[in-house]
Amino acid sequence: MLRKRIHLLRLSDILKITSRVIKWFSIKGSLFTILFVLSITLTAQEGNIWHFGYQAGLDFSNNSITAITTGKMTSIDGCATLCDAQGNLLFYSNGEQLWDKNHNITPNGAGLMGAASSCQAATFITFPNNSNKIILATMDKIENTGNNGLRYNIIDLALNGGSGDIVAGQKNILLYAPACEKIVGIPHCNGDDVWLVSFQLNTDTVISYQMSLSGVKSRATSNSGLALTGHLDINLGYSKTSDDKTKIASVHYLVSKVLYMDFDNGSGKVKNVIQWSVPNPNGVEFSPDNKLMYVAGFRNPAAIFQYDITLTTGAAIKSSEKTIFTFSGYDIGALQRGPNGKIYLAKNNQSYLGVINKPNLLGGLCDFVSDGINLNGKKSAYGLPNIYFSNN
């Protein structure tokens, strides 16, 4: 996507971004590292505006963060947002409805078969070689035993007077059911397609679909070693990819497990799965440098834990555990990296988000602030936007 979108940025914008990056690194830092971070900054415009929770929102434009109060969506948990290359809002969704940039439900955007109480109810997938078509994937909730499954919809930006809408006849297309509440998107190694990756209910199967704008091109399965059987709450919790798209993390609430695995973006399969125990995990996120992982324990205790994932065994990673913060009086939910590289925490029914200001640093040096972002009268629920950063 960067290949097609970088020319849309003004030269002055690129110079400003470059200046900021150079300040972050010493002159002796490698040019490769600088260019890598620059590419992340540019493509991160896709997640420039967030809508989530009880009509809450954030705008990350102009090197600042501003609370948004104009959103129309309520989502107890899962949601997704998408911006264009300049960081302007295109869409947001809770898996049940699709809102356009004008905060209207699109003409064909109601009646989606995801669920706002599903951890990862929705995600938008963009393609590097087509700027007019977008996939919106939706995921059902465990309370419905996942029976509506993982589905996808094709959005055409030319519809709805140029504000975009779901194409007639390309809505609620079933991929599989029953489904778990987890879904991530990862670019395919061919540079054109995208993998949609999830975890199959009642098995230890990781299921991946190679998606193009014409639909499913292939399907791959592999195994995680953790069977999602028994109580349905085993399926609760988020899945995320590392920034370099080589790893997947998945947390499983009821069995208090974290899975950390390699992902092959050619075959669509996972391997080298490591697991360890974390009390009642719900949210998960990688540090931008892919060396640390943060896990949010939902309750008992509601806490943020940090792990060193440069270690090679589950026991070693577990031994690196650092409790960053423990909460009292409310549950916590999703962790989501922002376009500024900081990590944000959803605190249920609270008017602030938590923020990890320096997520690449160990322990207390990561600088977590519980009341980090004021939502200007709106409130968070359990979820934050499920954002697909293409980094292409």
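Taking the conditions (1) open to solvent by less than 20 Å² (accessible area, probe 1.4 Å); (2) within 29 Å of Ile274 (Cα to Cα); (3) not β-branched (Val, Ile, Thr) in turn, Gly215 satisfies each one other than (2).
If you go through region 64-104 and keep only what is farther than 14 Å from Ser163 by Cβ and of a type in the set (Asp, Glu), you end up with Asp77, Glu96. Residues considered: Asn376, Asn386, Asn340. Of these, the only one that is outside any strand (DSSP E or B), at pLDDT below 95 and within 17 Å of Ile65 (Cα to Cα) is Asn340.
When Gly114, Gly95 are screened for being modelled with pLDDT of 95 or more, under 23 Å from Tyr209 (Cα atoms) and touching a Cys at 6+ places or on another chain (Cβ under 9 Å), only Gly95 passes. Yes or no: Leu201 modelled with pLDDT under 90, open to solvent by less than 20 Å² (accessible area, probe 1.4 Å) and farther than 16 Å from Val284 by Cβ? Yes: the conditions hold for Leu201.
For region 208-239, filtering for residues that are in a strand (DSSP E or B) and either at pLDDT below 90 or more than 18 Å from Lys141 (Cα to Cα) (or both) leaves 14.
Given the criteria open to solvent by 10 Å² or more (accessible area, probe 1.4 Å), within 17 Å of the chain's Cα centre (by Cα) and touching a residue at least 40 places away in the same chain (Cβ under 8 Å), does Asn340 qualify? So Asn340 fits the description; yes.
Scanning region 197-232 for residues that are over 21 Å from Lys245 (Cβ atoms) and not hydroxyl-bearing (Ser, Thr, Tyr) gives Gln200, Leu201, Asn202, Asp204, Gly215, Gly225, Leu226, Ala227, Leu228, Gly230, His231, Leu232. Scanning region 137-172 for residues that are open to solvent by 50 Å² or more (accessible area, probe 1.4 Å) and modelled with pLDDT of 95 or more turns up Ala158, Leu159, Asn160, Gly161, Ala168, Gly169, Gln170, Lys171. Looking at region 80-88, can you tell me whether even one residue there is hydroxyl-bearing (Ser, Thr, Tyr), outside any loop (DSSP other than H, G, I, E, B) and under 25 Å from Ser208 (Cα atoms)? Within region 80-88, one or more residues are hydroxyl-bearing (Ser, Thr, Tyr), outside any loop (DSSP other than H, G, I, E, B) and under 25 Å from Ser208 (Cα atoms). In region 303-317 there is at least one residue that is in contact with an Asp or Glu (Cβ under 9 Å, 6 or more places away or on another chain) and either closer than 18 Å to Val184 by Cβ or in contact (Cβ under 8 Å) with a residue 60 or more places away in the chain (or both). Where strands (runs of 3 or more DSSP E) fall wholly inside region 263-327, the ranges with 1 or more residues that are among the aromatic types (Phe, Trp, Tyr), surrounded by fewer than 23 Cβ atoms within 10 Å (Cβ to Cβ) and more than 21 Å from the chain's Cα centre (by Cα) are 270-277, 322-326. Go through region 343-369 and give me each residue that's open to solvent by 20 Å² or more (accessible area, probe 1.4 Å) and over 24 Å from Ser277 (Cβ atoms). Result: Asn349, Gln350, Ser351, Tyr352, Asn357, Lys358, Asn360, Leu361, Leu365, Asp367, Val369. If I go through region 166-198 residue by residue, how many of them are touching an Asp or Glu at 6+ places or on another chain (Cβ under 9 Å), touching a residue at least 60 places away in the same chain (Cβ under 8 Å), within 20 Å of Val270 (Cα to Cα) and not in a loop (DSSP other than H, G, I, E, B)? Looking only at that region, the number is 1. Starting from residues that are open to solvent by less than 40 Å² (accessible area, probe 1.4 Å) and not in a strand (DSSP E or B), keep the ones in region 247-262 and report whichever is farthest from Gln120 (Cα to Cα). So the residue we want is Ser256. Condition test on Ala179, is it crowded, with 22+ Cβ neighbours inside 10 Å, at pLDDT below 90 and under 29 Å from Asn235 (Cβ atoms)? Taking the combined requirement at face value, the residue satisfies it. Looking across region 76-126 at every residue that is hydrophobic (A, V, I, L, M, F, W, C) and touching a helix residue (DSSP H, G or I) at 6+ places or on another chain (Cβ under 7 Å), the one that is surrounded by the fewest Cβ atoms within 10 Å (Cβ to Cβ) is identified as Ala85.
A single entry from Asp244, Asp192 fulfils the requirement of being open to solvent by 20 Å² or more (accessible area, probe 1.4 Å), of a type outside the set (Phe, Trp, Tyr) and either touching a helix residue (DSSP H, G or I) at 6+ places or on another chain (Cβ under 7 Å) or farther than 24 Å from Gly341 by Cα (or both): Asp192.
Only one entry of Gly341, Gly363 meets the criterion of being over 23 Å from Gly237 (Cβ atoms) and out of contact with any strand residue (DSSP E or B) (no Cβ under 7 Å at 6 or more places or on another chain), and that entry is Gly341.
The values are calculated or read from the model by the stated rules, or taken from the named source; none is laboratory data. Keep in mind the model is a prediction, meaning the values are calculated, not measured. Glycine also receives a Cβ, built like all others from the backbone with ideal geometry; neighbour counts cover every protein chain displayed. Accessible surface is based on the protein model in full, side chains and every heavy atom, while ligands, DNA and RNA are left aside. Shrake-Rupley method; radii C 1.70, N 1.55, O 1.52, S 1.80 Å.
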